[in-house]
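What follows is a set of notes on a single structure, which appears directly below.
Here, each number is a calculation from the coordinates, and none is a lab measurement. Keep in mind the model is a prediction, meaning the values are calculated, not measured. So basically every Cβ, Gly included, is an ideal-geometry build from the backbone, and we count neighbours across all protein chains shown.
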Amino acid sequence: MGFWSMLFAKVQYQILILGLDDAGKTTFLEQVRHLYSGTSPPEDLKIPPTVGLNIGKLDVSRVRFIFWDLGGSASLRVLWDKYYADSHAVLFLIDSTADDGRMDEAKEEIRRIATDKDLIGAPIILLANKQDLKHATQVDALAKMLQLPHDSTTITPSHSLSSARSASSSKHSVITPSSSSSSSSLAASTSSSTSSSASPASSSSASAASLSSSPPSSSSSSSLYGDHLMKLLPISALTGSGIRRVIDLLMQFLPKMPRTLLMKERNA
């Protein structure tokens, strides 16, 4: 790689967007596209269930996020683990209005993700979606229901990224989604297609971020979920509320995660 290529190269992270069907995963990805491109989503935004995979690319400053939005129906969840080894982090969306049965189902899926050997060290950010609705369960109650670490809903002042917020509002931030869903495509212009059985890209750009400091520790992590860094954040994918905060956290956590260094060395 030439000097100028290295100088302007972006650090690339692959992020999985998981959750049960109807949790709001594709709506979340669509809202990310609109928020960071400065456009407004249609008032009657309707996203059909994902059959396969949606891909979104988001550039924020010197970072490029590749989002893999996987279908959440029971028949498609068997494909999730095919993408674990090449993922830097997981965003797991939870329908805050779901009944107890669906909450238990989500809890079991989170447990499976957190205990999979191919995701060792990957931060898991749980997104309590649909918080704008009347009957939504609040995050503190959700944390208890899911038996999360007691600090999972706490974001300390050090987690605030003023520089990331500044970069995230830049007009140069772009997201380009594509879709392999057989039922529909995202409202955005498509750049590529991937079938539900396709393997994710195995190579990632070498990280230029500093790894000298450790990520925030979560010594109280429940054995139910292993030693993952876990945070639970309230969002509304439909209105876009809370989404910038999610990107801010990814911008902070990922350069510091040992998993990032391991993946960089593996792909070198």
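Let's test the formula: R0 of 30 Å, r as the Cβ-Cβ distance of Lys117 and Lys144. What FRET efficiency results, to the nearest 0.05?
It comes to 0.60.
What does the net charge come to around Ile125 if you take all other residues with beta carbon closer than 12 Å to its beta carbon, with K and R at +1 and D and E at -1? Working shown, then result.
Values: positive: Lys231, Arg245; negative: Asp248.
Taking every Cβ under 12 Å from that of Ile125, the sum is +1.
For the residue pair Glu108 and Ala9, what label-to-label distance in nm results when each label sits 7 Å from Cα along the Cα-to-beta-carbon direction?
That separation, rounded to one decimal, is 4.4 nm.
Rounded to the nearest 0.05, what FRET efficiency is calculated for Val51 and Arg266 with R0 set to 30 Å and r the Cβ-Cβ distance? Working shown, then result.
Values: r = 31 Å, r/R0 = 1.04.
With R0 = 30 Å, the Cβ-Cβ based efficiency is 0.45.
Could you pull out the pairs from Lys57/Lys82; Lys117/Lys144; Lys10/Lys130; Lys10/Lys82 whose alpha carbons sit more than 27 Å apart here?
Violating the 27 Å limit, Cα to Cα: Lys10/Lys130.
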